[in-house]
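Beneath this line is the structure, given in structure tokens, with notes to follow.
Any read-out appearing in this document is the output of simple, stated calculations on the displayed coordinates, not a laboratory observation. Just so it is clear, the model here is predicted, and its values are computed rather than measured. We place every Cβ from the backbone using ideal geometry, glycine too, and count neighbours over all the protein chains shown.
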Amino acid sequence: MDLGIAGRRAAVAAASKGLGYAVARALAAEGVRVAMCGRDAGTIAAAAENVGAGAVPLVADVSTPDGAAGFVRDAREALGGVDILVANAGGPPPGNFAGVTVDQYLDAFELNCHSTIAMCYEAVPAMREQHWGRVVAITSIAVRQPIGGLILSNTARAGVTGFLKTLAREVAVDGVTVNSLLPGIHATERIAALYGDADPSAGIPAGEVGNPEDFGHVAAFLCSDHARFVTGSALAVDGGADAALL
């Protein structure tokens with residue numbers, strides 16, 4: 001299927017590895033010009049080379065609003081504009097109520113909520129002016145079903161989901177869609193670190209851990225012309241692990 005986005009310009013945050021990298025690859029395969037960022041110059045340069053199709057590596061730390069907004073500005077300068085924003089960042093450390101401090105919630109909010117808000121403020125106005133734009137935020141299945149031991153992530157990602165839903169309703173009339181993807185367990189470095197020797201596929205009805213490449217294809221579809229009537233959604237990509245009805 002031709003997604004109709006060849007020649008579009010995408011800023012993909014935190015894309016040196018994991019799900020961000022998979023999305024950058026999927027978009028580049030559709031003919032999208034991609035700017036992708038990471039904190040280490042060598043790592044993001046290698047990732048961009050592997051993505052190919054002229055992907056532009058940018059060094060940025062999107063864990064703060066200033067760094068996140070700066071990445072979008074740099075992507076816009078490198079590409080001549082940003083039609084697609086993929087908001088993404090790493091996850092905060094694990095912990096439960098008794099084990100984390102009040103101040104750690106502020107850090108988690110900056111990382112997984114405030115940074116996405118900053119990227120949207122930098123990218124969405126121009127999308128509205130041109131009457132075409134796509135925002136896809138990578139959050140977590142935790143916004144549907146909180147994950148034990150990840151209280152910081154559960155809290156921050158639920159907050160950004162409320163922002164994204166509200167933004168989607170405001171900008172839909174301008175041809176801009178805003179959606180989020182809720183990944184379950186995929187074969188990424190973070191999952192390996194969280195689970196250690198335990199089997200992460202336990203409890204996944206599909207019987208296996210997700211393939212980041214498949215996740216990237218789902219994200220690319222939400223960025224497509226075919227998905228122009230899909231906005232305000234929070235789509236689970238989790239192999240059926242979420243047991244909620246809605």
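Between Leu194 and Arg228, with labels modelled 7 Å along Cα→Cβ, what's the label distance in nm to one decimal, could you check?
Distance between the two pseudo-spin positions: 3.6 nm.
Indicate the gyration tensor shape class of the chain (rounded, prolate or oblate), computed on the Cα atoms with a ≥ b ≥ c the square roots of the eigenvalues: a/c under 1.5 is rounded; otherwise a/b larger than b/c is prolate and the rest oblate.
Working: a/c = 1.37, a/b = 1.36, b/c = 1.01.
Verdict is rounded for the chain.
Rounded, prolate or oblate: which fits region 101-171 when a ≥ b ≥ c are the square roots of the eigenvalues of the alpha-carbon gyration tensor, with rounded for a/c under 1.5 and prolate only if a/b beats b/c? Mind showing how you got there, number by number?
Details: a/c = 3.28, a/b = 2.00, b/c = 1.64.
Prolate, because a/c is 1.5 or more and a/b exceeds b/c.
How far apart, in nm, are the 7 Å Cα→Cβ label points at Tyr105 and Ala6?
5.0 nm
If the only charges are +1 at each Lys and Arg Cβ and -1 at each Asp and Glu Cβ, what is the size of the charge dipole of the chain around the Cα centre, to the nearest 20 debye?
On the way: 16 positive and 25 negative charges, 96 e Å.
Dipole size: approximately 460 debye.
Would you calculate a helix-derived [θ] at 222 nm for the chain, using -39,500 (n - 2.57) for each DSSP H run of n ≥ 4 and dividing by the full residue count, to the nearest 500? Walk me through the numbers on the way to the answer.
On the way: 8 runs with 101 residues, N = 246.
That comes out to -13000 deg cm²/dmol.
Can you give the angle from 0 to 90° between the axis of helix 115-130 and the longest principal axis of the chain, with both taken from C-alpha atoms, to the nearest 10?
For 115-130 against the chain, the angle is about 30 degrees.
Pairing the Cα long axis of helix 65-79 with the longest principal axis of the chain, what angle in degrees results, from 0 to 90 and rounded to the nearest 10?
30 degrees
Residues with beta-carbon under 9 Å from that of Gly232, excluding Gly232: net charge, scoring Lys, Arg +1 and Asp, Glu -1? Each step should come with its number before you reach the end.
Details: positive: Lys165, Arg169; negative: none.
Net local charge, Gly232 excluded: +2.
How far, in degrees from 0 to 90, does helix 151-171 lean away from the longest principal axis of the Cα atoms of the chain, to the nearest 10?
Taking the Cα atoms of the chain, the angle to 151-171 is about 30 degrees.
Suppose we keep just the DSSP beta bridges with both residues in region 123-246; what percent of those would be antiparallel, to 5?
The antiparallel proportion sits near 0 percent.
Size of the dipole of region 19-98 about the Cα centre, Lys and Arg at +1 and Asp and Glu at -1 on the beta carbon, nothing else charged, in debye to 20?
The dipole magnitude comes to about 80 debye.
Say R0 is 45 Å: what FRET efficiency, to the nearest 0.05, do Glu77 and Phe97 get from their beta-carbon distance? Walk me through the numbers on the way to the answer.
Working: r = 43 Å, r/R0 = 0.96.
Efficiency for this residue pair is about 0.55.
Suppose a student asked you for the relative contact order of region 9-237, using Cα pairs under 8 Å spaced at least 6 residues apart; what percent would you report? Present the calculation step by step, with values, prior to reporting the outcome.
On the way: 467 pairs, mean separation 47.0, N = 229.
Relative contact order comes out at 21 percent.
Would you be so kind as to identify which of Gln130, Gly99, Thr64 lies farthest towards the positive end of the dipole of the chain, taking Lys and Arg as +1 and Asp and Glu as -1 on Cβ and the Cα centre as origin?
About the Cα centre, the residue reaching furthest to the positive side is Gln130.
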